Amino acid sequence: MHPATRQGATEALGAHTIAMAATFIAFGVATREAGFSLGWGLTSSAAIYGMAGQMVLLGAQPGAGTAAVAGAIMANARFMPMAAALAPLVRGPLAPFCVPFVAITPWAAAMRNLPGLPAPDRARWFLGFALTVWTIGLITTAIGYALAGSLSSGVLRLLLMVNVFYFALMIAAGLSRGGPWRASLGGALAAPLALLLPAGTPPAWGLLAAALIGGTAAFLLRRR
Amino acid sequence: MDHGWASLLTAALAMLLLRATGLALAWRLPPSHPAIAWAAAVSEAALAAWVVLALVSPGSWPVMVRLIGVGAGLAAFLLSGRLLLPGMAAGLSALWAADTFLRWTEVFAP
């Protein structure tokens with residue numbers, strides 16, 4: 001294994017692993033409780049690989065397939081700008097292999113770690129990191145599926161908060177290293193706008209609107 | 001649940017297209033290009049907005065309990081020399097403790 005790939009895989013272990021595991025265990029539990037098969041849950045974790053979209057599909061009513069797909073796309077629409085932001089860092093022959101793994105955990109870690117690595121090593125580091133957390137996502141989906149019914153509601157509620165704290169700390173870690181504070185602040189300030197949308201509007205629209213408004217404002221302020 | 005499989009496979013294809021389109025659009029652009037900077041800003045803003053909404057939207061934990069948890073997590077993160085694991089452990093412990101305390105006070109409230 002290339003040293004950069006091994007470094008990425010090693011760095012994926014720890015807090016990243018715990019955050020991923022907690023979320024995907026909760027998803028595995030929810031998959032079984034919703035009456036879907038383990039294969040369905042594993043395919044969702046492997047190919048959707050974005051919890052917001054996975055939860056939209058999981059909650060879809062029979063006969064509402066088109067709406068469920070549209071909702072999942074809205075919920076995970078951030079993958080497009082995330083992939084665009086990642087592209088210059090992983091450019092090269094390995095870049096196409098990075099495509100399926102553009103998701104919030106590997107992306108957030110990559111944006112904070114890749115600029116400090118030599119350019120030829122970046123895609124390898126990303127693949128090492130992303131494959132590790134993706135594999136953990138699949139294993140813990142299966143574990144959650146197996147554990148459904150045996151976890152208390154308190155533990156499940158706690159599992160759902162692990163990712164929130166993890167990303168709050170990831171943002172803080174980025175800011176402490178001189179990261180994109182304007183964009184983070186813009187997103188945080190614009191977030192309450194999502195709560196003002198008319199009742200019945202899918203939450204994904206609110207998140208998308210907050211990201212576009214906060215991110216664009218941060219971008220424009222940076223350009224001045 | 002046949003409807004579930006059709007939706008899942010269609011959505012999976014759409015996710016791949018979203019990711020591939022983002023990568024393809026930025027493929028020939030230099031890292032300093034304004035479009036890349038804008039995409040990065042929107043993505044970072046999405047992450048921050050998601051965290052804020054998860055903390056303040058109605059949910060299974062009271063908002064105050066969630067804010068105490070994230071505050072304790074950030075404090076531990078800074079005090080431990082910016083280590084993620086102590087921050088997460090402290091945040092989750094504080095969340096659990098604050099929720100337990102809140103329930104306890106409700107039980108014993110006059």
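No other residue among B:LEU8, B:LEU16 is touching a Ser or Thr at 6+ places or on another chain (Cβ under 9 Å) and either assigned to a helix (DSSP H, G or I) or buried (at least 17 other Cβ atoms within 10 Å of the Cβ) (or both) apart from B:LEU8. Every test in (1) over 23 Å from B:ALA49 (Cβ atoms); (2) assigned to a helix (DSSP H, G or I); (3) touching a residue at least 24 places away in the same chain (Cβ under 8 Å) is passed by A:ALA67 save one, and that test is (3).
Summed over region B:51-69, residues that are under 13 Å from B:GLY91 (Cα atoms), at the interface with chain A (Cβ under 8 Å from one of its Cβ atoms) and without any contact (Cβ under 8 Å) to a residue 24 or more places away in the chain total 1.
Looking only at region B:53-69, count every residue that is assigned to a helix (DSSP H, G or I), out of contact with any Lys or Arg (no Cβ under 9 Å at 6 or more places or on another chain) and either aromatic (Phe, Trp, Tyr) or surrounded by fewer than 23 Cβ atoms within 10 Å (Cβ to Cβ) (or both) and tell me the total. If you could, list the steps in order and put the result at the bottom.
Of all residues in region B:53-69, those assigned to a helix (DSSP H, G or I) come to B:53-56, B:63-69.
With the extra rule that they be out of contact with any Lys or Arg (no Cβ under 9 Å at 6 or more places or on another chain), the set shrinks to B:53, B:63-69.
Filter once more, keeping what is either aromatic (Phe, Trp, Tyr) or surrounded by fewer than 23 Cβ atoms within 10 Å (Cβ to Cβ) (or both): B:53, B:63-65, B:67-68.
The number of residues fulfilling the criteria is 6.
Within the option set A:ALA168, A:ALA188, A:ALA199, being buried (at least 20 other Cβ atoms within 10 Å of the Cβ) and either over 27 Å from B:VAL63 (Cα atoms) or outside the structural domain of A:GLY39 (by TED's automatic domain parsing) (or both) holds for one residue only, A:ALA188.
Scanning region B:70-86 for residues that are more than 20 Å from A:MET20 (Cβ to Cβ), free of Cβ contacts under 8 Å to residues at least 12 places away in the same chain and not hydroxyl-bearing (Ser, Thr, Tyr) turns up B:LEU78, B:LEU79, B:GLY81, B:ARG82.
Quick one: in region B:30-43, of everything that is surrounded by 17 or more Cβ atoms within 10 Å (Cβ to Cβ) and not small (Gly, Ala, Ser), which residue is nearest to A:SER37 (Cα to Cα)? Spell out the reasoning first.
Taking region B:30-43 as the starting set, the residues that turn out to be surrounded by 17 or more Cβ atoms within 10 Å (Cβ to Cβ) are B:36-43.
Okay, now just the ones that are also not small (Gly, Ala, Ser), so B:36, B:38, B:42.
Numbers: B:ILE36: 40, B:TRP38: 40, B:VAL42: 35 Å.
Out of the qualifying residues, it is B:VAL42.
Annotation note: of B:ALA94, B:ALA89, the sole residue that is surrounded by 20 or more Cβ atoms within 10 Å (Cβ to Cβ), touching a residue at least 12 places away in the same chain (Cβ under 8 Å), small (Gly, Ala, Ser) and more than 8 Å from every other protein chain (Cβ to nearest Cβ) is B:ALA94. Filtering region B:1-24 to residues that are under 22 Å from A:ALA109 (Cα atoms) and either within 7 Å of chain A (Cβ to nearest Cβ) or touching a helix residue (DSSP H, G or I) at 6+ places or on another chain (Cβ under 7 Å) (or both) leaves B:MET15, B:LEU16, B:LEU18, B:ARG19, B:ALA20, B:THR21, B:GLY22, B:LEU23. Considering region B:70-79, and only residues there that are surrounded by fewer than 21 Cβ atoms within 10 Å (Cβ to Cβ) and closer than 17 Å to A:GLY174 by Cβ, the residue that is farthest from the other protein chains (Cβ to nearest Cβ) turns out to be B:LEU78.
In this structure, does A:ALA19 turn out to be more than 7 Å from every other protein chain (Cβ to nearest Cβ), surrounded by 19 or more Cβ atoms within 10 Å (Cβ to Cβ) and part of a helix (DSSP H, G or I)?
On the way: more than 7 Å from every other protein chain (Cβ to nearest Cβ): yes; surrounded by 19 or more Cβ atoms within 10 Å (Cβ to Cβ): yes; part of a helix (DSSP H, G or I): yes.
So A:ALA19 fits the description; yes.
One residue stands out among those in region A:38-60 that are under 20 Å from A:THR135 (Cβ atoms) and of a type in the set (Gly, Ala, Ser): the one that is nearest to the other protein chains (Cβ to nearest Cβ), which is A:ALA47.
Considering each of A:ALA87, A:ALA75, A:ALA108, A:ALA95 in turn, give the residue that is modelled with pLDDT of 90 or more and touching a Gly at 6+ places or on another chain (Cβ under 9 Å).
Numbers: A:ALA75 fails: modelled with pLDDT of 90 or more; A:ALA108 fails: modelled with pLDDT of 90 or more; A:ALA95 fails: touching a Gly at 6+ places or on another chain (Cβ under 9 Å).
Result of the check over A:ALA87, A:ALA75, A:ALA108, A:ALA95: A:ALA87.
Would you mention how many residues in region A:62-76 are closer than 22 Å to A:MET20 by Cβ and within 7 Å of chain B (Cβ to nearest Cβ)? Residues meeting the conditions: 2. Of all residues in region B:29-50, those satisfying the criterion of being of a type in the set (A, V, I, L, M) and either assigned to a helix (DSSP H, G or I) or touching a residue at least 60 places away in the same chain (Cβ under 8 Å) (or both) are B:ALA35, B:ILE36, B:ALA37, B:ALA39, B:ALA40, B:ALA41, B:VAL42, B:ALA45, B:ALA46, B:LEU47, B:ALA48, B:ALA49. Taking the criterion of being more than 7 Å from chain B (Cβ to nearest Cβ) and more than 24 Å from B:PRO86 (Cα to Cα), the only residue of region A:168-184 that qualifies is A:ARG182.
Here is a check on your reading of the model: is A:LEU147 under 21 Å from A:ALA19 (Cα atoms), at pLDDT 90 or above and more than 18 Å from the chain's Cα centre (by Cα)? In short, yes.
The values are calculated or read from the model by the stated rules, or taken from the named source; none is laboratory data. Remember, it's a predicted structure, so these values are computed and weren't measured experimentally. When we count neighbours, we look across all protein chains shown, and the Cβ atoms used for this are built from the backbone with ideal geometry, even at glycine.
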